[in-house]
1. What full-extension length gain, to one decimal in nm, is calculated for residue 89 and residue 44 as 0.36 nm per residue of separation minus the Cα-Cα distance?
2. Tell me the net charge near residue 111. Cut-off is 10 Å between Cβ atoms, residue 111 excluded, with +1 for each Lys or Arg and -1 for each Asp or Glu.
3. So what are the ³J(HN,Hα) numbers for the range 46-59, from phi and the Karplus equation (6.51, -1.76, 1.60; θ = phi - 60°), rounded to whole Hz, Gly and Pro as x?
4. Could you tell me which residue out of 29, 221, 69 lies farthest along the dipole of the chain toward its positive end? Charges go on the beta carbon: Lys and Arg +1, Asp and Glu -1, centred on the Cα centre.
5. Give the ranking of 205, 72, 102, 172 by solvent-accessible surface, highest area first, calculated with a 1.4 Å probe.
6. Output the relative contact order of the chain, whole-number percent, from Cα pairs under 8 angstrom with separation of 6+ residues.
7. For the chain, what is the percent of antiparallel DSSP beta bridges, rounded to the nearest 5?
8. For the chain, what % of the accessible area comes from carbon and sulfur atoms, probe 1.4 Å?
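The values are calculated or read from the model by the stated rules, or taken from the named source; none is laboratory data. This is a predicted model, so every value here is computed, not measured. So basically every Cβ, Gly included, is an ideal-geometry build from the backbone, and we count neighbours across all protein chains shown. Ligands, DNA and RNA are stripped out before the accessible areas are found, and what is left, the full protein with its side chains, is counted by its heavy atoms. Shrake-Rupley method; radii C 1.70, N 1.55, O 1.52, S 1.80 Å.
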Amino acid sequence: MRAIEIEPNCRLFYEDDCFANPWESVETVLLIHGGCESSAAWFAWVPHLARKFRVIRIDLRGHGGSSIPSEKYQWSPSSLARDVGLFLDRLGIREVHVVGAKIGGMVAFAFAAQYPDRVRSVCAIGTPLHMERAGSMLPKSTISEWVTVGMDQYVRENMQNRLGSQAPVAQKEWWEMLMLQCDQRSLIAVAAFADIVDMRDMLPKITSPALLLTNENNNLVSHEAFEEWRSKLPNGELVIMPVDGFHIAASHPDECAEIVMRFIRNAQARAAEPGPG
């Protein structure tokens, strides 16, 4: 892994992969993980994307190998999106395709709304954009449970709900291991803002092609909510996969990656079309 300082006392770790032909110029895809995870969450996506794109996987502030912020840090999708902007500035990257899962999708959409001229396309996978309508992904009672009974019990009891009924035991155990590496203070802070987030006013500001990817048996967010959000996006699409569990980027990485690849290619084709006149 590599690390880069985006501001004093804040270093972000990241992975940078590209296996495209060295004589070709390729665009960049930025992958943003969900809460209680790290850049390792995207390991299965890299073979799909890195042959045609430069693929950067970031550890958000407070996650993985990145710096844990002070108690004064104001957690929000917008503040984490600002981190993404500073990160890309340090790498000298102007434009990206942004893909986020769960809370990472909130950050991806916030970045697309705040920096529309830097986003070629944006995808949010299994992402609740309005908790009051969708139902709380991380209710305050659950945060209390983490504090009283510990993360181990919570993670193990809820892994099937996260990965779905078809996830094998080995897959559940791997994700349990990944999630239990997370800093608990950061997790609680992220859960607190996720519980009250409402990103609907941001959606009309996202002018790039935008994909909402969800599943039929999502026990967090109704299809009606996703359709409402899609309708607010100037160039929005909605794809619903016939699977259960709510973390489909993790449980079905190959299928999700192929859907996102097609979406990005379509966005590239539209961008290459001659303009009016």
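1. Working: separation 45, 0.36 × 45 = 16.20 nm, distance 2.69 nm.
Taking 0.36 nm per residue and subtracting the Cα distance, the gain is 13.5 nm.
2. Working: positive: 82, 118; negative: 83.
So the environment of residue 111 carries a net charge of +1.
3. Using θ = phi - 60°, the values come out as 4, x, 6, 9, 6, 6, 10, 9, 7, 10, 10, 10, 9, 8 Hz.
4. Projecting each Cα onto the dipole axis, the largest value belongs to 29.
5. Working: 205 125, 72 175, 102 10, 172 40 Å².
I get 72, 205, 172, 102, largest accessible area first.
6. On the way: 530 pairs, mean separation 54.4, N = 277.
Taking the mean separation of contacting Cα pairs over the length of the chain, I get 20 percent.
7. Values: 10 of 36 bridges.
Around 30 percent antiparallel, to the nearest 5.
8. Details: 5890 of 12050 Å².
Exposed carbon and sulfur together represent 49 percent of the surface.
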